[in-house]
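Structure first, then comments.
The values are calculated or read from the model by the stated rules, or taken from the named source; none is laboratory data. Note that the structure is a prediction, hence the values are computed from the model and not measured. All Cβ positions, even for glycine, are placed from backbone atoms using ideal geometry, and neighbour counts span all protein chains on display. All accessible areas refer to the heavy atoms of the entire protein, side chains included, with ligands and DNA or RNA removed. Shrake-Rupley method; radii C 1.70, N 1.55, O 1.52, S 1.80 Å.
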Amino acid sequence: MKRILYILALALSIVACTEEIDKSNRYTFTGETVADYMLNRSDKYSHFINLLKRANLWGLLSTYGQYTLFLPDNDAVEKFIAEKDSIYHATKDTDAPIWTGVTSPLVEDLSDSMAVVLARTHIVEGCFSTSNLGEGSVAQWNFDNHYLGINYVVEGENYYIMINNYSRIMTRDEYVENGIIHTLDKAINPASFSLPGHIGRYNYFSLFSAALQLTGLGDSLLKYNDNSYVAPEKYSISGNQLNIPEDYVSIPENKFYRYTAFVETDEVFRKQGIENIDDLVAFAEKWYGTEDKENPRSPKNALYKFVAYHFVPREMPYNIIIPLKMGSWPLEEYITPGNDCYDYFETMLGTLMKVIKPLSSSDGKYVYINRPKENKVYNNEMRRHLNVRLIEPTEFAQAKDEYSHFNPIAMNGIIQPIDKVLVYNEDEMVGNILNERLRFDILTLLPELSCNDIRYSRDYNIKKNRIPYTYCKNIRNNSNSSNYFSCAGELEGYMSDYLLTDESMFDISFRLPPIPPRTYEIRMSIFTKLNDYGSYIMQPYIDGKVCSLPIELSANLLSTGWVDDRRTLDNGVENDKHMRGRGWMKAPDSYRAWNFDEGIWEPARRFTYLLRRILTRQYLTSGEHWIRFKLLSDEIIKGCFDYIELVPLHIVSDPTKSEDRH
């Protein structure tokens with residue numbers, strides 16, 4: 001019951017828009033809605049009021065709900081339209097005309113479609129005070145289905161928050177009954193270029209853009225919306241233990257394609273002696289070989305491979321690649337001190353990259369790609385291509401005058417500038433970066449969730465997303481008992497979330513990421529809380545073959561052998577061995593879960609019901625592998641899936657060194 005009350009209280013706190021704020025700057029509640037605020041100042045906001053009415057959004061801002069409005073006054077709207085009109089007319093008769101969506105300097109001449117886009121661009125569902133606008137983006141899409149980029153400009157002793165590095169917030173945190181308002185000096189520039197086109201807009205990415213065009217990979221990055229997807233009819237919850245209202249069930253209305261590009265500037269290339277496209281081709285051939293040398297559009301070509309490793313098919317602004325918040329909680333509260341936060345992403349090369357925020361080190365405020373442990377390298381030549389740092393939007397915009405107008409947000413993706421030339425080297429990845437315990441969050445395996453504002457969105461802790469199995473390519477439903485799964489923020493889960501099946505006789509499979517071929521100990525996370533998930537037995541398979549004895553997921557302390565480390569004389573060392581002998585392990589100590597009884601964060605290792613089950617030791621070849629979980633019990637229940645571990649055998653079989661608990 002405490003757990004239920006806590007979740008509902010958390011939901012209400014988010015919906016009520018009650019962040020801690022500086023009350024001296026707080027707008028006094030007057031009973032105004034967002035719409036009232038504008039209407040009562042219509043001489044100042046008449047242009048945007050008309051845009052909202054043309055977009056059929058005016059009524060929405062007059063009703064119950066919570067909205068963040070980035071509000072341009074009349075001067076700001078006129079300034080935006082005049083600027084876009086001048087760009088259009090200055091380039092329309094050239095070889096490279098720029099279509100801005102604006103062909104007249106008059107507000108009343110704005111097309112209906114542009115009026116809708118402009119109005120929707122400025123509204124985000126939920127309350128986001130400036131204290132919650134993290135470096136990178138607003139944490140949730142706007143009404144036009146795009147992130148709004150966030151960076152900062154410092155002038156003297158003052159700093160200003162920039163939206164898409166174009167519009168400056170002038171007055172902050174004007175609270176009204178159904179939301180919060182930030183006023184702008186210019187209307188926000190909507191995302192209007194595809195990711196390849198957006199990269200090509202900036203002269204300082206010219207080498208990478210040329211490689212993107214030469215390989216033809218840009219053509220595969222033009223997709224925007226999967227028009228074959230038809231959203232299911234609204235679903236009415238049945239048998240919901242928390243009695244969440246139907247309004248709190250979120251079903252994807254669209255299925256978008258989104259990408260993140262990790263891009264070097266020309267200056268970064270020049271530091272490696274790469275001055276032109278021929279130099280870049282030669283550099284790529286050094287690392288990727290000369291197969292299909294004459295055909296840069298071949299997936300076997302070196303330049304093609306080089307470019308492909310720079311893209312992941314998911315949308316991740318800087319503050320979401322490694323989330324600054326896990327649900328509503330700061331990352332620093334979720335991660336146990338002394339540990340790092342990391343994830344693995346499959347690239348368009350079909351290989352993995354590791355992204356890490358090394359909180360345990362002095363440079364833990366940054367995010368890195370392929371950071372080696374203890375600065376060790378397997379191939380000494382790779383030293384200059386490891387530990388690749390993502391450059392924060394503000395830092396990048398301030399680095400050089402020519403970067404000052406950089407906006408990372410494209411229509412179908414994000415540009416992440418990096419500080420070194422990024423290279424995939426098989427020997428280095430197999431022998432170093434991926435030669436470790438690989439812990440894959442189940443929801444990270446489903447990139448579609450990161451392409452459609454589902455994972456880590458504002459509603460993550462208070463709405464239950466209900467998603468068709470056919471929505472994601474890396475999950476299969478082998479049963480006719482249900483067609484949906486759900487995912488949501490959860491204070492007990494790894495990465496603060498997990499996947500739940502519908503109440504059903506579930507039988508589902510997940511495609512494993514592309515891992516180095518070797519023998520692994522394969523494990524899965526287990527929740528054993530009887531009151532939440534029922535008593536059931538599940539059979540795991542790998543590539544269609546039984547890989548373990550059936551698992552009793554209602555296992556208790558007697559069957560697992562779990563003893564609190566604090567009750568042992570050796571801090572649980574012998575108990576760990578005893579549990580392994582039974583096929584069980586405690587949860588990692590590297591992240592914390594919420595103790596609902598005590599109201600505190602504690603390492604997940606201390607929870608009796610957060611466990612790991614050792615499935616098997618098995619050699620996995622290169623190529624595709626699927627892991628399947630089939631319910632054997634007659635009881636219809638929810639299946640809960642959090643993470644999978646693939647551990648190289650040498651880590652668990654070294655007699656001189658035990659595996660760490662992280």
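Side notes on the structure shown:
- Restricting attention to region 493-510, the residues being in a loop (DSSP other than H, G, I, E, B) and surrounded by 22 or more Cβ atoms within 10 Å (Cβ to Cβ) number 2.
Table: residues versus (1) crowded, with 16+ Cβ neighbours inside 10 Å; (2) of a type in the set (Val, Ile, Thr); (3) within 28 Å of Ile277 (Cα to Cα).
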| position | (1), (2), (3) |
| --- | --- |
| Tyr288 | yes, no, yes |
| Lys293 | no, no, yes |
| Arg297 | no, no, yes |
| Ala302 | yes, no, yes |
| Lys305 | yes, no, yes |
| Glu332 | no, no, no |
| Tyr342 | yes, no, no |
| Lys354 | yes, no, yes |
| Lys365 | no, no, no |
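- Leading residue by the ranking (modelled with the lowest pLDDT) among those in region 23-64 that are of a type outside the set (Ser, Thr, Tyr), surrounded by fewer than 16 Cβ atoms within 10 Å (Cβ to Cβ) and not in a helix (DSSP H, G or I): Arg26
- Residues in region 111-126 that are open to solvent by 10 Å² or more (accessible area, probe 1.4 Å) and either closer than 22 Å to Gly65 by Cβ or assigned to a loop (DSSP other than H, G, I, E, B) (or both): Ser111, Val116, Val117, Arg120, Glu125.
- Among (1) part of a loop (DSSP other than H, G, I, E, B); (2) modelled with pLDDT of 90 or more, the one test that Pro337 misses: (2)
- Within region 205-219, the set of residues being touching a Pro at 6+ places or on another chain (Cβ under 9 Å), of a type in the set (Gly, Ala, Ser) and either at pLDDT below 95 or not in a loop (DSSP other than H, G, I, E, B) (or both) comprises Ser209, Ala211, Gly218.
- Residue list for region 136-175, filter: of a type outside the set (S, T, N, Q) and in a loop (DSSP other than H, G, I, E, B): Val138, Ala139, Trp141, Phe143, Asp144, His146, Tyr147, Leu148, Gly156, Glu157, Tyr166
- Scanning region 552-576 for residues that are aliphatic (A, V, I, L, M), surrounded by 13 or more Cβ atoms within 10 Å (Cβ to Cβ) and more than 21 Å from Arg613 (Cα to Cα) turns up nothing.
- Selection from region 176-201 of residues that are in a loop (DSSP other than H, G, I, E, B) and open to solvent by 30 Å² or more (accessible area, probe 1.4 Å): Glu177, Asp185, Lys186, Asn189, Ser192, Phe193, Arg201
- When residues in region 476-514 are screened for being of a type in the set (Gly, Ala, Ser), within 24 Å of the chain's Cα centre (by Cα) and modelled with pLDDT under 80, 2 of them pass.
So that you can scan it fast, the table gives a plain yes or no per residue for (1) under 28 Å from Tyr609 (Cα atoms); (2) modelled with pLDDT of 95 or more:
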residue: Tyr424; (1), (2): no, yes
residue: Phe440; (1), (2): yes, yes
residue: Glu448; (1), (2): no, yes
residue: Asn452; (1), (2): no, no
residue: Ser457; (1), (2): yes, no
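- Of the numbered criteria (1) free of Cβ contacts under 8 Å to residues at least 60 places away in the same chain; (2) open to solvent by 20 Å² or more (accessible area, probe 1.4 Å), the one Met579 fails is (2).
- Whichever residue in region 316-330 is open to solvent by 10 Å² or more (accessible area, probe 1.4 Å) and not aliphatic (A, V, I, L, M) and, among such residues, is modelled with the highest pLDDT: Tyr318
- When Arg612, Arg617, Arg592, Arg605 are screened for being part of a helix (DSSP H, G or I) and out of contact with any Gly (no Cβ under 8 Å at 6 or more places or on another chain), only Arg605 passes.
- Pair list, Cβ < 6 Å and 6+ apart or interchain, from region 602-617 residues that are free of Cβ contacts under 8 Å to residues at least 60 places away in the same chain and farther than 17 Å from Arg661 by Cβ to residues that are open to solvent by less than 30 Å² (accessible area, probe 1.4 Å) and acidic (Asp, Glu): none
- The set of residues from region 478-490 being open to solvent by 10 Å² or more (accessible area, probe 1.4 Å) and of a type in the set (A, V, I, L, M, F, W, C) comprises just one member, Ala488.
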